[in-house]
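Presented below is the structure to which this report refers.
The values are calculated or read from the model by the stated rules, or taken from the named source; none is laboratory data. The structure presented is a predicted model; accordingly, all values stated were derived computationally and were not measured. In this analysis, Cβ positions are derived from the backbone assuming ideal geometry, glycine residues included, and neighbour counts consider all displayed protein chains. These area figures cover heavy atoms from the full protein model, side chains too; ligands, DNA and RNA do not enter into them. Shrake-Rupley method; radii C 1.70, N 1.55, O 1.52, S 1.80 Å.
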Amino acid sequence: MLTFKPEISFEDYNNLRILVGWNTITKRQFDNAMKNSSFFTVAYDGDKAVGMSRGVGDGGYHLMLVDVIVHPDYQGQGIGRELVTQFMKYADDSIESGEGISLTLLSAYGKEKFYEKFGFHIRPVGKEGAGMNLKYVKK
């Protein structure tokens, strides 16, 4: 049975990143990312971290979904859906009646259809221009 909790070790975090082909981060980056995250949850199968999602925002009207990762051996089992559902609930709970919140994300290539199920749309659309990204900067 899966459990969800807002904690993960540095090693498990980087292991999940490696498993999906993402770059690793340093301990300093990890500590700062965890401290400054607005939302964070990890899916566990027993003691094994098998998925995670994280949100960063301004505490007012903008929240970005980042780091949605599901261990390749656990993909297709609804874990990603639950991770995003928890993020969406967090966003809804963070605003009061009459308020709105802008939710954004940068999808991994080929995963756009997954996020469309939650109401996200591919840009450009309407008055929204194309999403943009600065290349990854590394020292």
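Before moving on, here are some points about what is shown:
- Net charge, ILE122 excluded, C-beta distance under 12 Å - Lys, Arg +1, Asp, Glu -1: 0
- Just so you know, the Cα atoms of the chain work out to an Rg and Dmax of 15.3, 46 Å.
- CD proxy at 222 nm, helix term only [per DSSP H run n ≥ 4: -39500 (n - 2.57); per residue of the chain; nearest 500]: -8500 deg cm²/dmol
- Local charge for GLY21 was computed over the other residues whose Cβ lies under 14 Å away, with Lys and Arg +1 and Asp and Glu -1, and equals +1.
- Rounded to the nearest 20, the size of the Cβ-charge dipole of the chain about its Cα centre is 620 debye, with Lys and Arg at +1 and Asp and Glu at -1.
- For HIS62, the amide hydrogen comes within under 5 Å of the amide hydrogens of SER102, counting only partners 5 or more places away or on other chains and with H modelled in the peptide plane.
- For the range 71-123, trypsin sites (Lys or Arg not before Pro) are listed when DSSP marks them as loop and at most 14 other Cβ atoms sit within 10 Å of their Cβ; the list is LYS111, LYS117.
- Folded to 0 to 90 degrees: helix 79-93 orientation relative to the chain principal axis, Cα: 50
- The chymotrypsin sites (Phe, Trp or Tyr not before Pro) of the range 43-138 that meet both conditions, a loop assignment by DSSP and at most 15 other Cβ atoms within 10 Å of the site Cβ, are TYR61, TYR109, PHE118, TYR136.
- Dipole of the range 4-109 computed with +1 at Lys/Arg Cβ and -1 at Asp/Glu Cβ about the Cα centre; of VAL66, THR41, SER97, farthest Cα towards the positive end is VAL66.
- For the range 98-139, GluC sites (Glu not before Pro) are listed when DSSP marks them as loop and at most 10 other Cβ atoms sit within 10 Å of their Cβ; the list is GLU99.
- Carbon/sulfur fraction of accessible area - the range 56-126, other protein chains in place, 1.4 Å, %: 51
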